[in-house]
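The values are calculated or read from the model by the stated rules, or taken from the named source; none is laboratory data. Worth saying up front: this structure is predicted, and the values here are computed from it rather than measured. Here the Cβ positions follow ideal geometry from the backbone for every residue, glycine too, while neighbour counts run over all protein chains shown.
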Amino acid sequence: MKATVLLLLKRDLISALRSRWLYGFSISFAGLGSAFSYLGALGLGEVGFRAYSAAIAGIINLNLYAVPLAAVIASSLSLVSEREKGTMEFLLSLPTSRWEIVFSRLVSNVVSISAAIVLGYGLASWLLWLLVSETDLLIYLSILWASIVLAYSFAGIGLLISSLVRSRFAALALSLGVWIGLVMVYEVVLMAAVILLNLSPLDVTPLLLANPVQASRLVIVKTFDPSMSLLGEFGAFIQREFGETLASVLIGSQIAIGTACTLIAMLTFSKGDL
Amino acid sequence: MKAIEVRNLTKRFRENVALDSIYLELGLKESVLVMGANGAGKTTLLRCILGLIDFEGEVMVMGLDVRKKGKDVRRMVGYVPQQVRFPEEMTVYDLVDFVSDMKGVDITLEETLSPFGLMDTVNSPVGSLSGGLRQRLAIALSLIGNPRLIIMDEPFNNLDPMMRNTVHDMMREMMRGGKSLIVSIHNISGLITAFEKIVVLKEGRMVGVYHSEDVLRTLRPVYKVHVKSDNGWTTYRTEDLFATLTELQESGKDLRNAWIEEPDAEELLKFVGG
């Protein structure tokens with residue numbers, strides 16, 4: 001007998017890979033990725049890929065906006081839309097448990113968003129393969145990996161939202177609110193706090209690790225600039241504090257947030273009604 | 001061991017008490033009809049028995065605590081929900097395959113779908129099926145894995161008289177085959193003759209358990225079967241609905257467009273205080 005969680009996963013993956021969302025995100029990511037590779041290639045002759053231009057920094061920021069949005073929206077709809085349509089009762093009446101359903105949704109959402117990222121950036125990777133060295137391509141692939149970790153984190157947050165709300169509208173509204181909060185407002189508030197409260201790098205570090213977007217941004221900076229000197233005093237501090245483990249800490253914090261949100265979603269969903 | 005043991009079952013939806021201290025026992029090979037007006041708590045009771053929603057109190061199914069062993073319980077139970085909603089993009093084939101895999105049984109499409117006249121729909125997406133076909137599919141799926149206990153919530157919803165007759169015959173066959181059945185209805189369906197015991201719910205409380213013979217002796221419900229022929233509509237009055245349906249079918253009457261007028265359920269509910 002096959003494990004029920006695998007059967008659920010198979011069904012959820014098929015459903016996720018058929019989703020219109022996936023194609024939309026793939027096209028968006030392809031646009032971003034192509035722009036990324038094109039602009040990167042422009043700078044090759046003069047300064048090299050590593051000394052990325054302001055334009056590339058902008059594209060990376062866009063990546064930090066698009067991936068969380070895709071992941072949080074897709075995941076926040078995954079449980080509540082079945083509840084709203086009434087198909088959740090059918091699923092729950094089968095020999096499965098609620099935690100298996102949440103786990104299956106997490107994996108299928110992360111796989112489908114990752115597929116969108118890989119499909120979208122695949123073309124760009126190929127272009128880069130033709131234009132840049134193997135080392136630079138590895139940097140590009142590291143960014144791709146950072147995007148997948150970020151997607152995992154926001155998929156967990158999305159599932160938590162989905163387990164808490166009663167309608168798709170509420171799920172969409174809340175996920176947009178969380179996305180705006182973590183992607184845009186958080187940074188402004190943090191900068192204001194640093195200035196007004198005179199926060200030290202030591203105070204700022206946990207605040208950055210607590211937000212997956214900020215952690216992912218640091219991962220990408222680290223990819224381009226292993227010494228973190230681009231970030232000035234803070235970069236020097238964080239590099240000194242964590243040393244070789246910095247990238248792992250930054251990735252680990254995002255995985256921890258995604259996992260914690262998923263576990264809370266399992267608990268909430270288990271106690272919820274249909 | 002009992003098929004179902006419900007002890008002090010209470011279910012609240014926020015401040016509303018949907019079920020209040022319900023006690024119910026159903027022996028192996030026994031069958032019970034759960035009756036009550038809309039909002040009496042029938043669906044909630046059946047969902048609690050299957051472990052689909054959280055509750056206070058204790059529910060044991062086939063000797064297993066549904067809260068701790070819900071997954072095992074659902075492997076042994078067939079369930080027909082009141083509102084039949086399946087993932088619309090799945091085909092009938094996908095659905096049968098998915099349910100049989102989840103239950104860990106090998107079945108053939110023929111044995112599952114043929115008794116309900118669904119073989120022609122094998123490759124149709126569930127979303128394209130009519131309400132009646134979906135109801136038939138729900139009943140067909142509930143029987144996958146030869147369950148020992150079958151829970152049906154308003155199984156006659158959307159069924160034409162001919163299919164009602166088929167389902168009624170199947171229920172009798174299941175009873176003869178030693179299966180336990182718990183079926184909810186909100187009107188004096190012809191099913192009343194097939195079940196020994198009737199449980200009546202009112203506003204979340206159990207009014208009592210009655211023998212159907214006693215109820216029938218007092219009420220003597222009369223059903224009207226309206227059958228369309230070339231000469232217009234003909235009405236047949238009967239106290240034994242399914243015997244009459246069988247006779248009409250055997251005499252070559254087309255029951256696909258027939259409809260059944262059921263006696264007013266209020267009379268029964270007044271009789272039993274429900």
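Miscellaneous remarks
- Conditions (1) at pLDDT below 75; (2) closer than 24 Å to A:Ala115 by Cβ: number failed by A:Val102: (1)
- Looking only at the stretch B:162-204, and only at residues there that are in a loop (DSSP other than H, G, I, E, B), small (Gly, Ala, Ser) and touching an Asp or Glu at 6+ places or on another chain (Cβ under 8 Å), the one that is surrounded by the fewest Cβ atoms within 10 Å (Cβ to Cβ): B:Gly204
- Residue check, B:Ile139 in contact (Cβ under 8 Å) with a residue 24 or more places away in the chain, in contact with a Phe, Trp or Tyr (Cβ under 7 Å, 6 or more places away or on another chain) and in a strand (DSSP E or B): no
- Residue count for the stretch B:89-98 under the criterion of being surrounded by fewer than 16 Cβ atoms within 10 Å (Cβ to Cβ) and either under 13 Å from B:Ile4 (Cα atoms) or at the interface with another protein chain (Cβ under 8 Å from one of its Cβ atoms) (or both): the result is 1.
- So B:Met119, is it more than 29 Å from B:Gly39 (Cβ to Cβ) and modelled with pLDDT of 90 or more: yes
- When we screen B:Val207, B:Val225, B:Val215 for residues that are aliphatic (A, V, I, L, M), over 30 Å from B:Val61 (Cβ atoms) and either outside any strand (DSSP E or B) or over 16 Å from the mean Cα position of the chain (by Cα) (or both), the only hit is B:Val225.
- Cβ-Cβ contacts under 8 Å between residues 6 or more apart (or on different chains), taken from a first residue in the stretch A:257-274 that is farther than 12 Å from A:Glu100 by Cα and within 14 Å of chain B (Cβ to nearest Cβ) to a second residue that is at pLDDT below 95 and not in a helix (DSSP H, G or I), are listed as A:Lys271/B:Asp54; A:Gly272/B:Asp54; A:Asp273/B:Phe13; A:Asp273/B:Ile53; A:Asp273/B:Asp54; A:Leu274/B:Leu52; A:Leu274/B:Ile53.
- Top-ranked residue in the stretch B:59-78 [being β-branched (Val, Ile, Thr) and in contact (Cβ under 8 Å) with a residue 40 or more places away in the chain; ranked as farthest from the other protein chains (Cβ to nearest Cβ)]: B:Val59
- Residue tally, condition within 10 Å of another protein chain (Cβ to nearest Cβ) and more than 13 Å from the chain's Cα centre (by Cα), over the stretch B:112-140: 1
- Number of positions in the stretch B:59-85 that are basic (Lys, Arg), under 20 Å from the mean Cα position of the chain (by Cα) and not in a helix (DSSP H, G or I): 1
- Residue match in the stretch B:99-111 (condition: surrounded by 16 or more Cβ atoms within 10 Å (Cβ to Cβ), more than 17 Å from the chain's Cα centre (by Cα), farther than 30 Å from B:Val17 by Cβ and acidic (Asp, Glu)): yes
- Scan of the stretch B:5-58 for residues that are acidic (Asp, Glu) and either away from chain A (no Cβ under 11 Å) or within 17 Å of B:Val200 (Cα to Cα) (or both), ordered by number: B:Glu5, B:Glu15, B:Asp20, B:Glu25, B:Glu30, B:Glu56, B:Glu58
- Test result for B:Leu216, surrounded by 17 or more Cβ atoms within 10 Å (Cβ to Cβ), of a type in the set (A, V, I, L, M) and under 19 Å from B:Val84 (Cα atoms): no
- Residue-level check: of (1) assigned to a helix (DSSP H, G or I); (2) free of Cβ contacts under 8 Å to residues at least 40 places away in the same chain, A:Ala155 misses just (2).
- Residue in the stretch B:86-105 that is out of contact with any Asp or Glu (no Cβ under 8 Å at 6 or more places or on another chain), over 29 Å from A:Leu17 (Cβ atoms) and either at pLDDT below 95 or in a helix (DSSP H, G or I) (or both) present: no
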